[in-house]
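The values are calculated or read from the model by the stated rules, or taken from the named source; none is laboratory data. Just so it is clear, the structure is predicted and the values come from calculations on it, not from any experiment. Neighbour counts run over all protein chains shown; Cβ positions are idealised from the backbone, glycine included. In case anyone asks, the SASA skips ligands and DNA or RNA and just uses the protein heavy atoms, side chains included. Shrake-Rupley method; radii C 1.70, N 1.55, O 1.52, S 1.80 Å.
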Amino acid sequence: MRLALLWTDMLVWLLVVMVGVWGWKLSRLVEVRQKWYAIFHSKIAMASAITLIFYIFFTLLDSVHFKVTKVEQHKGIYTGEIISLLDIAMIHQKSYSERTYSAPFATTEYAKSIIVGKDGVSRQENLPLRYVSMEDPWKKTIPVLEMGVLFSIIVILLHLLWTKEGSLKEHIRVVWQGETVLPWRTGYGIFSLFVIVLTWLYIMSFSYHVLGTDKVGGDVLYASLKSIRTGVLIGILTTLVMLPLAIFLGVSAGYFRGWVDDLIQYLYTTLSSIPGVLLIAAGVLMMQVMMENHTDWFASTVERSDLRLLFLIFILGMTSWTGLCRLLRAETLRISQMDYVTAAKAFGVSRWYIMVRHIVPNLMHIVLISVVLDFSGLVLSEAVLSYVGIGVDPTMYSWGNMINQARLEMAREPMVWWSLFSSFIFMFILVLAANLLSDRVQHVLDPRNRL
């Protein structure tokens, strides 16, 4: 196998580097560090951050792709196929699918098939699944849970050894009694919960379809984990597309005023007047036509769906910058009247230097609050757009596609509920964690809350 770089992979890892450098620089500023400490003084913020870290971990794991150069038929992978690290870890579920639906932990198919017996009589039976164990799953549960507990304890002890200032025993006592500056007891509790659940899901997935299978026999747990990348990428990368445009136009409108302000106001007022869904649908349909006319651009289905995801991120970014731009314009109008800005103008400091040095840094709390608040909305918008057929490529794993495929099965008898349930739970946890963290960020960084 050799490394294969998709467009979204490069953007994700570039973002990781940028956030790392930015975090390292900010960690050297005492005031900024105190604000972040204030954010994570809340137990809810700490629990939400730990939850988001797990989602980001799966996103990064699924953002390292390889192109298969040698067929390995026994593993179900073939030459030219593009797979990620997450695919390799879940190879037992990626390539070996069942014939059709099966319920969680089932050993037979969900629907009955017509079988002709040796006696020539036809009858309906639930056929056995091909890739599951017939052993009672609850016999394996306790040992697997113990394994998860042991693994989480090891990781927590390593972290305590890394952060301890005195003896380890005293450090454990302080954490256990909740006497630390940050609520590490809550953080370790949530971390242990996730590790235990994920360990249980992963090990049990070798013997069972823990969350069942879909219409074509694909494992629902595998599809749900793969959908994490799509949701997180749309939430994060769309923000990156939106931010430069919103900051540049918002600050320019507020600082230069006059015809520049009128032009930018006209632009975002006009854009806001167009129904967002129609604008996105028009952009996506144009993109689809262009991609169908240039099929030679893509060497594989994965590259095609990745480029469509990138286009969707770009379209969402271009249609969602107006709200932040309006906020930044109003705040820039206020800051530009401050004494230190007036003094800088009097000393002949250039306009662009004043904007970069004195105005933009004082807008960052609004930018940060807006970014965190918009994240959950963008994750939900992907699900809605994919549900109505104008979202990501149908071959790409996403919660919206899972819901779209599951909606018809809700009306059948017996009802197939596990695909919808699984996508709902994974999306709900991500959006809930993002919303709770954004509330805390807004509470700490918004100057009006200090009055």
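Tabulated data
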item	result
Unique match (being closer than 20 Å to V216 by Cα, surrounded by fewer than 24 Cβ atoms within 10 Å (Cβ to Cβ) and in contact (Cβ under 8 Å) with a residue 12 or more places away in the chain) among G389, G400	G389
Segment 407-420 - residue that is part of a helix (DSSP H, G or I) and in contact (Cβ under 8 Å) with a residue 60 or more places away in the chain and, of those, nearest to A383 (Cα to Cα)	S419
Filter pass, I44 being open to solvent by less than 20 Å² (accessible area, probe 1.4 Å) and within 30 Å of V210 (Cβ to Cβ)	no
Extreme residue, surrounded by the fewest Cβ atoms within 10 Å (Cβ to Cβ), among residues of segment 220-241 that are modelled with pLDDT under 90 and farther than 16 Å from V392 by Cα	L240
Inter-residue pairs, beta-carbon under 9 Å, first in a loop (DSSP other than H, G, I, E, B) and among the basic types (K, R) and in segment 110-126, second modelled with pLDDT of 80 or more and open to solvent by less than 50 Å² (accessible area, probe 1.4 Å), 6+ apart	K112/L127
Restricting segment 162-187 to residues that are of a type in the set (G, A, S) and open to solvent by less than 50 Å² (accessible area, probe 1.4 Å), the residue that is nearest to M46 (Cα to Cα)	G187
Condition met for H92 (more than 28 Å from H209 (Cα to Cα), open to solvent by less than 50 Å² (accessible area, probe 1.4 Å) and assigned to a helix (DSSP H, G or I))	no
Hits in segment 54-70 - residues which are open to solvent by 70 Å² or more (accessible area, probe 1.4 Å), among the β-branched types (V, I, T) and either farther than 19 Å from S398 by Cα or more than 22 Å from the chain's Cα centre (by Cα) (or both)	T69
Residues of segment 23-41 that turn out to be β-branched (V, I, T), within 16 Å of D439 (Cβ to Cβ) and either open to solvent by 30 Å² or more (accessible area, probe 1.4 Å) or outside any helix (DSSP H, G or I) (or both), as a count	0
Failed item, numbered, when E81 is tested on (1) charged (D, E, K, R); (2) surrounded by fewer than 17 Cβ atoms within 10 Å (Cβ to Cβ); (3) closer than 30 Å to L3 by Cα	(2)
Boolean, E109 is out of contact with any Phe, Trp or Tyr (no Cβ under 8 Å at 6 or more places or on another chain) and modelled with pLDDT under 90	no
Inter-residue pairs, beta-carbon under 6 Å, first surrounded by fewer than 20 Cβ atoms within 10 Å (Cβ to Cβ) and in segment 298-309, second at pLDDT 80 or above and part of a helix (DSSP H, G or I), 6+ apart	F298/R304
Selection within segment 112-148 - β-branched (V, I, T) and surrounded by 13 or more Cβ atoms within 10 Å (Cβ to Cβ)	V132, T141, V144
Single residue of segment 278-295 satisfying the filter (touching a residue at least 24 places away in the same chain (Cβ under 8 Å) and β-branched (V, I, T)) that is least open to solvent (accessible area, probe 1.4 Å)	V284
Single match in G80, G20 (criterion: in a helix (DSSP H, G or I) and out of contact with any Phe, Trp or Tyr (no Cβ under 9 Å at 6 or more places or on another chain))	G20
Helices (runs of 4 or more DSSP H) contained entirely in segment 132-248, each with at least 2 residues that are within 30 Å of L327 (Cβ to Cβ) and touching a residue at least 40 places away in the same chain (Cβ under 8 Å)	none
